[in-house]
């Protein structure tokens, strides 16, 4: 099954309509300025002829201009106006194209640190919310995750898992380019210092890949516009741990990242590198019981659960823009990362009773489990992009990316005696090698045949070839040799081909903004599965051809109030790990496995929103939304034996989310600003698993807030509070989770040096910060509850030094495939 791409190029070859007009494009560096103003004046008497605003691509068109000489004033809030004079219109049938006009931050604007207190935290647009990353100073020196945890629709729980409107299924774009992969892994690696803003696109248009049931996070990195060099270095160090949790080793937290960017004429060359060591201490408190044949086995536990994480990488990108119509970009990215999870757990007072209800104790025992899981990822990526702007201002963009990633890592699982750890009950070692090859080819074409809108069309091909070799060995206590356990060992090969093509119309007229389009996607999925003994050799296939329509509209009232509505069809595709049916022993009491017949989730998103700007830094917005998910994938538990539960990824039915997202910017005084956001929704799951009905319904809410006080032009403090209420799952509940933080920021040397002291996860022994309890159960079969307690009162000092005042215009590529499996 292949989708023919001929019709895409047929659309591209349409005849472009022409009319008497003056047109151009307004940009900030490489990025278009939407809603900027282009005002045309009669150069003879300075009278205003017509004023228009730019569209989403920064393009403006002034139609039906009479013969004469004019000048144009381009402006946008916070930028210096730019004037283009001596515009000659010969007759009403002629067209004048002014090309690309760059606007720059005004010379009378405050420096970046002070602008932080003046610029809006969030700007609402027809299809997205745009958040200024510099507003969240507690994130500086950290990662992109530290920034997005402040956004109302985003939550980060106790396990570090990121959700958008309650769903972990979302996609990350980097500077508008699609990045397939595990969002948490990507966001934890991107330095916060390199990020300018974050765009939350909750109902994306057909232009975007339809993957991601909760929408898209578009990460925009810092940029600049002038010739010259930019160099910046950031150093971060963590103070010694206050809470040690009896962990085996001292946790280390430090890092350094640097960027050098040189812009000379037609060339833009960027070099970047980073090294981060980010350990996290903690412990795990658990209790589990299973019931088999009316015999209850209970095994409470307590012990260390900590993480050691190291990642380092290097990047190189060169851009060449020989003229205003052509742009080339070549990029390379390579690195290594490793994350070790240590879980040294004591299982105490383990016992069996029968009958299960109020029976007599049959046995009592205890043991010690040493569990070390190591995950590695070595990767090399390369990309090539080319863009061409035609004389009629239409634009062709092409992009090619190739990635090779080697994923893998062993897990050591030793069950030993306690208190005598020299007694060996069971020793296991499982490892895997997962080489991944991925390519993405994309072609987009945009033109504006009408004064009231733009047409875009494009084609994308993506191929993923992901192999896996899983080996599971158990030590024979008699011979002392490790022997293969075939039930847990396998070889897998996932090949997924995706073809998609779209057509999209966007525009604005008077007070209306609108967009509509459809994307047609075809997927071929082949999953080969073999065991190590040659007794299993099975191929599972799945394919589809589906349309993914989208539409949005927004109306702007006279009183600075905007009303918008949107719809988007989405898909959430399955990863290789979620499809491998051979169990992997995560630790002593848990196996994890997948389902090779797993179907993708298909999602319908609806939203209705209103925004009101009161001026003086005060505004509010509210968005009501509905999300319907078919083929919902959840991780559910079954009993493997009396002391081991099996966690299986499965399609359990459908889910529905009905919610309201609220946000407000409040500035009571000149030096005190506040941003608060909340997400409230009803989440329901309805389906069936393992012959049992799945019926869960709960009201869930989250709050993200920060308050900033500017003591002077160079010093400020910010308090941040993140809270997630209890949340229902297919078989249980995740408890509430919260984390307060405080930061103090001071600039020196004309803002070249910025020092930030951060106090994260404030607790002081008085709160239950940074801990979360996960509970699952099935009546009369099993019950499990685990409280994850992670490190509190963590203190960092971050220093950032900029060697000159030119802004960073570096652009780097990111992983397309591998992070999904890390």
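Scanning for something crowded, with 19+ Cβ neighbours inside 10 Å and either in contact with a helix residue (DSSP H, G or I) (Cβ under 9 Å, 6 or more places away or on another chain) or not assigned by TED's automatic domain parsing to the domain that holds residue 438 (or both), does region 369-379 turn up at least one residue?
Just the residues of region 369-379 that are crowded, with 19+ Cβ neighbours inside 10 Å, to begin with: 369-371, 373, 375, 377, 379.
If we keep only those that are either in contact with a helix residue (DSSP H, G or I) (Cβ under 9 Å, 6 or more places away or on another chain) or not assigned by TED's automatic domain parsing to the domain that holds residue 438 (or both) as well, we get 377, 379.
Yes: region 369-379 contains one or more residues that are crowded, with 19+ Cβ neighbours inside 10 Å and either in contact with a helix residue (DSSP H, G or I) (Cβ under 9 Å, 6 or more places away or on another chain) or not assigned by TED's automatic domain parsing to the domain that holds residue 438 (or both).
Residues checked against (1) assigned to a strand (DSSP E or B); (2) over 30 Å from residue 372 (Cβ atoms):
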| residue | (1), (2) |
| --- | --- |
| 579 | no, no |
| 591 | yes, no |
| 595 | no, no |
| 619 | yes, yes |
| 628 | yes, yes |
| 648 | yes, no |
| 679 | yes, yes |
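Kindly indicate whether any position in region 306-313 is in the same structural domain as residue 584 (by TED's automatic domain parsing) and surrounded by fewer than 16 Cβ atoms within 10 Å (Cβ to Cβ). Talk me through it step by step, then tell me what you get.
Of all residues in region 306-313, those in the same structural domain as residue 584 (by TED's automatic domain parsing) come to 306-313.
With surrounded by fewer than 16 Cβ atoms within 10 Å (Cβ to Cβ) added as a condition, the list becomes none.
No - not one qualifying residue is present in region 306-313.
Determine whether region 550-570 contains at least one residue that is in the same structural domain as residue 689 (by TED's automatic domain parsing), in contact with a helix residue (DSSP H, G or I) (Cβ under 9 Å, 6 or more places away or on another chain), crowded, with 16+ Cβ neighbours inside 10 Å and in contact (Cβ under 8 Å) with a residue 24 or more places away in the chain.
Taking region 550-570 first, the residues in the same structural domain as residue 689 (by TED's automatic domain parsing) are 550-570.
Narrowing further to those that are in contact with a helix residue (DSSP H, G or I) (Cβ under 9 Å, 6 or more places away or on another chain): none.
Looking through region 550-570, none of the residues is in the same structural domain as residue 689 (by TED's automatic domain parsing), in contact with a helix residue (DSSP H, G or I) (Cβ under 9 Å, 6 or more places away or on another chain), crowded, with 16+ Cβ neighbours inside 10 Å and in contact (Cβ under 8 Å) with a residue 24 or more places away in the chain.
Here are 250, 220: which of them is surrounded by fewer than 21 Cβ atoms within 10 Å (Cβ to Cβ) and free of Cβ contacts under 8 Å to residues at least 24 places away in the same chain?
250
Do we find that residue 414 is without any contact (Cβ under 8 Å) to a residue 60 or more places away in the chain and buried (at least 19 other Cβ atoms within 10 Å of the Cβ) in this structure?
Values: without any contact (Cβ under 8 Å) to a residue 60 or more places away in the chain: yes; buried (at least 19 other Cβ atoms within 10 Å of the Cβ): yes.
In short, yes.
Do we have any residue at all in region 167-189 that's touching a strand residue (DSSP E or B) at 6+ places or on another chain (Cβ under 8 Å), over 25 Å from residue 341 (Cα atoms), modelled with pLDDT of 80 or more and assigned by TED's automatic domain parsing to the domain that holds residue 500?
no
Just to check your reading of the model, which residue among 345, 353 is under 23 Å from residue 642 (Cβ atoms), touching a strand residue (DSSP E or B) at 6+ places or on another chain (Cβ under 7 Å), touching a residue at least 60 places away in the same chain (Cβ under 8 Å) and surrounded by 16 or more Cβ atoms within 10 Å (Cβ to Cβ)? Steps first, answer last, please.
Numbers: 353 fails: touching a residue at least 60 places away in the same chain (Cβ under 8 Å).
Testing whether each residue is under 23 Å from residue 642 (Cβ atoms), touching a strand residue (DSSP E or B) at 6+ places or on another chain (Cβ under 7 Å), touching a residue at least 60 places away in the same chain (Cβ under 8 Å) and surrounded by 16 or more Cβ atoms within 10 Å (Cβ to Cβ) leaves just 345.
From (1) farther than 30 Å from residue 640 by Cβ; (2) not in a strand (DSSP E or B), pick out the condition that doesn't hold for residue 759.
Failed condition: (2).
Might you let me know whether region 420-427 holds any residue that is surrounded by fewer than 16 Cβ atoms within 10 Å (Cβ to Cβ), under 26 Å from the mean Cα position of the chain (by Cα), modelled with pLDDT of 90 or more and assigned by TED's automatic domain parsing to the domain that holds residue 515? Step through it out loud before you land on a result.
Residues of region 420-427 surrounded by fewer than 16 Cβ atoms within 10 Å (Cβ to Cβ): 420-426.
Right, trim to under 26 Å from the mean Cα position of the chain (by Cα) and you get none.
No, every residue in region 420-427 fails to be surrounded by fewer than 16 Cβ atoms within 10 Å (Cβ to Cβ), under 26 Å from the mean Cα position of the chain (by Cα), modelled with pLDDT of 90 or more and assigned by TED's automatic domain parsing to the domain that holds residue 515.
Which one of 621, 649 is modelled with pLDDT under 95, out of contact with any helix residue (DSSP H, G or I) (no Cβ under 9 Å at 6 or more places or on another chain), crowded, with 19+ Cβ neighbours inside 10 Å and under 27 Å from residue 558 (Cβ atoms)? Before you say what the answer is, go through the steps one by one.
Details: 649 fails: under 27 Å from residue 558 (Cβ atoms).
After ruling out the rest, the residue left standing is 621.
For residue 340, are the conditions met, namely being touching a residue at least 40 places away in the same chain (Cβ under 8 Å) and either assigned by TED's automatic domain parsing to the domain that holds residue 145 or buried (at least 18 other Cβ atoms within 10 Å of the Cβ) (or both)? Spell out how you get there, then give the answer.
Working: touching a residue at least 40 places away in the same chain (Cβ under 8 Å): no; either assigned by TED's automatic domain parsing to the domain that holds residue 145 or buried (at least 18 other Cβ atoms within 10 Å of the Cβ) (or both): yes.
So residue 340 does not fit the description; no.
State all residues of region 134-149 that are assigned to a loop (DSSP other than H, G, I, E, B) and either modelled with pLDDT of 80 or more or within 12 Å of the chain's Cα centre (by Cα) (or both); if no residue qualifies, say none.
Within region 134-149, the first condition is being assigned to a loop (DSSP other than H, G, I, E, B), and the residues that meet it are 136, 140-142, 149.
Once the filter is applied, which keeps residues that are assigned to a loop (DSSP other than H, G, I, E, B) and either modelled with pLDDT of 80 or more or within 12 Å of the chain's Cα centre (by Cα) (or both), region 134-149 yields only 149.
If only one of 193, 218, 247 is at pLDDT below 85, out of contact with any helix residue (DSSP H, G or I) (no Cβ under 8 Å at 6 or more places or on another chain) and over 30 Å from residue 569 (Cα atoms), which one is it? Show your work before the answer.
Numbers: 218 fails: over 30 Å from residue 569 (Cα atoms); 247 fails: at pLDDT below 85.
Exactly one of 193, 218, 247 is at pLDDT below 85, out of contact with any helix residue (DSSP H, G or I) (no Cβ under 8 Å at 6 or more places or on another chain) and over 30 Å from residue 569 (Cα atoms), namely 193.
Restrict the check to region 630-637 and report whether at least one residue is more than 24 Å from the chain's Cα centre (by Cα) and part of a strand (DSSP E or B). Steps first, please.
Let us first name the residues in region 630-637 that are more than 24 Å from the chain's Cα centre (by Cα), namely 636-637.
Subset that is part of a strand (DSSP E or B): 636-637.
Yes, region 630-637 has at least one match.
Scan region 513-524 and give yes if some residue there is assigned by TED's automatic domain parsing to the domain that holds residue 606, in contact with a strand residue (DSSP E or B) (Cβ under 7 Å, 6 or more places away or on another chain) and loosely packed, with under 15 Cβ neighbours inside 10 Å, otherwise no.
Taking region 513-524 first, the residues assigned by TED's automatic domain parsing to the domain that holds residue 606 are 513-524.
If we keep only those that are in contact with a strand residue (DSSP E or B) (Cβ under 7 Å, 6 or more places away or on another chain) too, we end up with 513-524.
Pick out the ones that are also loosely packed, with under 15 Cβ neighbours inside 10 Å and you get none.
No; the residues of region 513-524 include none that is assigned by TED's automatic domain parsing to the domain that holds residue 606, in contact with a strand residue (DSSP E or B) (Cβ under 7 Å, 6 or more places away or on another chain) and loosely packed, with under 15 Cβ neighbours inside 10 Å.
If you check every pair at least six apart or on different chains, which have Cβ atoms under 6 Å apart with a residue in region 749-774 that is not assigned by TED's automatic domain parsing to the domain that holds residue 158 first and a residue that is not in a strand (DSSP E or B) second?
Close Cβ pairs satisfying both conditions: none exist.
Look through 233, 256, 242 and report the one residue that is more than 25 Å from the chain's Cα centre (by Cα), at pLDDT 90 or above and at negative phi.
On the way: 233 fails: more than 25 Å from the chain's Cα centre (by Cα); 256 fails: more than 25 Å from the chain's Cα centre (by Cα).
Going through 233, 256, 242 in turn, just one is more than 25 Å from the chain's Cα centre (by Cα), at pLDDT 90 or above and at negative phi: 242.
What is the number of the single condition among (1) assigned to a strand (DSSP E or B); (2) free of Cβ contacts under 8 Å to residues at least 40 places away in the same chain that residue 66 does not meet?
Only one criterion is unmet by residue 66, namely (1).
Among the residues in region 728-736, are any surrounded by 22 or more Cβ atoms within 10 Å (Cβ to Cβ), in a strand (DSSP E or B) and touching a strand residue (DSSP E or B) at 6+ places or on another chain (Cβ under 9 Å)?
There is no residue in region 728-736 that is surrounded by 22 or more Cβ atoms within 10 Å (Cβ to Cβ), in a strand (DSSP E or B) and touching a strand residue (DSSP E or B) at 6+ places or on another chain (Cβ under 9 Å).
Listed here are the residues, each with its yes/no results for (1) closer than 30 Å to residue 416 by Cβ; (2) under 34 Å from the mean Cα position of the chain (by Cα).
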site: 293; (1), (2): yes, no
site: 313; (1), (2): no, yes
site: 321; (1), (2): no, yes
site: 328; (1), (2): no, yes
site: 334; (1), (2): no, yes
site: 339; (1), (2): yes, yes
site: 351; (1), (2): yes, no
site: 355; (1), (2): no, no
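Pick out the one residue from 473, 531 that is without any contact (Cβ under 8 Å) to a residue 60 or more places away in the chain and in contact with a helix residue (DSSP H, G or I) (Cβ under 7 Å, 6 or more places away or on another chain). Please lay out each step first, then the result.
Details: 473 fails: in contact with a helix residue (DSSP H, G or I) (Cβ under 7 Å, 6 or more places away or on another chain).
After applying the criteria, what remains is 531.
Tell me, yes or no, whether region 484-502 has at least one residue that is surrounded by fewer than 17 Cβ atoms within 10 Å (Cβ to Cβ) and within 26 Å of the chain's Cα centre (by Cα).
Yes, there is a match, as at least one residue in region 484-502 is surrounded by fewer than 17 Cβ atoms within 10 Å (Cβ to Cβ) and within 26 Å of the chain's Cα centre (by Cα).
The values are calculated or read from the model by the stated rules, or taken from the named source; none is laboratory data. Since the model is a prediction, treat every value here as computed from it, not as a measurement. When we count neighbours, we look across all protein chains shown, and the Cβ atoms used for this are built from the backbone with ideal geometry, even at glycine.
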